[in-house]
1. Would you please name the residue that is surrounded by the most Cβ atoms within 10 Å (Cβ to Cβ), looking only at residues in the stretch 102-120 that are outside any helix (DSSP H, G or I) and not polar (S, T, N, Q)?
2. Could you count how many residues in the stretch 61-83 are of a type in the set (D, E, K, R), in contact (Cβ under 8 Å) with a residue 12 or more places away in the chain and part of a strand (DSSP E or B)?
3. Here are 99, 86: which of them is hydrophobic (A, V, I, L, M, F, W, C), part of a helix (DSSP H, G or I), touching a residue at least 12 places away in the same chain (Cβ under 8 Å) and out of contact with any His (no Cβ under 7 Å at 6 or more places or on another chain)?
4. Which of the residues that make up the stretch 41-52 are over 11 Å from the mean Cα position of the chain (by Cα) and assigned to a strand (DSSP E or B)?
5. Hey, residue 20 hits all of (1) out of contact with any Ser or Thr (no Cβ under 7 Å at 6 or more places or on another chain); (2) aliphatic (A, V, I, L, M); (3) under 30 Å from residue 125 (Cβ atoms); (4) surrounded by 13 or more Cβ atoms within 10 Å (Cβ to Cβ) but one; which does it fall short on?
6. Of 140, 123, 96, which residue is at positive phi and either surrounded by fewer than 13 Cβ atoms within 10 Å (Cβ to Cβ) or of a type in the set (Ser, Thr, Tyr) (or both)?
7. Here is a list of conditions, (1) within 14 Å of residue 160 (Cβ to Cβ); (2) touching a Gly at 6+ places or on another chain (Cβ under 8 Å), and residue 52 meets all of them except one; can you say which number that is?
8. Among the listed residues 129, 159, 139, which satisfies the condition of being modelled with pLDDT of 95 or more, within 29 Å of residue 22 (Cα to Cα) and among the hydroxyl-bearing types (Ser, Thr, Tyr)?
Amino acid sequence: MHTALDTPYLDTRADALSFALGLAPLDALAVLPVERAGIRVEMRLLGASHQVFAGPVSETVACLPGRPVPLPGGMRTEVDGWTYDFGASVQSYDSGLTFTATVRELCARLADRDDALTGTFPGSPYAVTALALDGDPGTGTLGWRTWHAYPQTRQIVVTRTLLEVAL
């Protein structure tokens, strides 16, 4: 699902993103609920990036005032008997053409998926936040990937989350 958002995005720099587990739902600009193998996943676009709720996990990657927790490159922990594995990286582009082509290709790749949510913020067609399910709950894993594109700095923050489901 793609949505054109009518509010400016709040996290205008990759290094302004922070990370939190266990937060309550924040105000969302768009929400996509999906169910995979009996597990309800709710992907949420925020003005300050994203939240995902899956099983016992609440993941927030956003500009969170007063929360100085930086975005970790990697993290693994247990949440109510489920193994949570998170990773993040920042891709920087020297060329505006390469950056825009990458964002266009990402949006095209996710456009027809019923398990993906993409939002474009006003001001640039390349100010995009996207989320998509990943993994196979039938094998005991469920995951998602996210992309946060910053046209003003030509950076894309990519996250990958994998849950090993407690059976």
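1. First, pick out the residues of the stretch 102-120 that are outside any helix (DSSP H, G or I): 111-120.
Checking which are not polar (S, T, N, Q) leaves us with 111-117, 119.
Working: 111: 11, 112: 9, 113: 13, 114: 8, 115: 17, 116: 23, 117: 26, 119: 23.
This residue is 117.
2. Applying the first criterion (of a type in the set (D, E, K, R)) to the stretch 61-83 yields 67, 76, 78, 80.
Filter once more, keeping what is in contact (Cβ under 8 Å) with a residue 12 or more places away in the chain: 67, 80.
Okay, now just the ones that are also part of a strand (DSSP E or B), so none.
So the answer is 0.
3. Working: 86 fails: part of a helix (DSSP H, G or I).
Among 99, 86, only 99 is hydrophobic (A, V, I, L, M, F, W, C), part of a helix (DSSP H, G or I), touching a residue at least 12 places away in the same chain (Cβ under 8 Å) and out of contact with any His (no Cβ under 7 Å at 6 or more places or on another chain).
4. The answer is 41, 42.
5. Just one mismatch for residue 20, condition (1).
6. Details: 140 fails: either surrounded by fewer than 13 Cβ atoms within 10 Å (Cβ to Cβ) or of a type in the set (Ser, Thr, Tyr) (or both); 96 fails: at positive phi.
Selected residue: 123, the only one of 140, 123, 96 that is at positive phi and either surrounded by fewer than 13 Cβ atoms within 10 Å (Cβ to Cβ) or of a type in the set (Ser, Thr, Tyr) (or both).
7. It is condition (2) that residue 52 fails.
8. Working: 129 fails: modelled with pLDDT of 95 or more; 139 fails: modelled with pLDDT of 95 or more.
Sole residue among the options that is modelled with pLDDT of 95 or more, within 29 Å of residue 22 (Cα to Cα) and among the hydroxyl-bearing types (Ser, Thr, Tyr): 159.
The values are calculated or read from the model by the stated rules, or taken from the named source; none is laboratory data. Predicted model only: the values in this text are computed from it and were never measured. Heads up, the Cβs are rebuilt from the backbone with ideal geometry, glycines too, and the neighbour counts pull from every protein chain shown.
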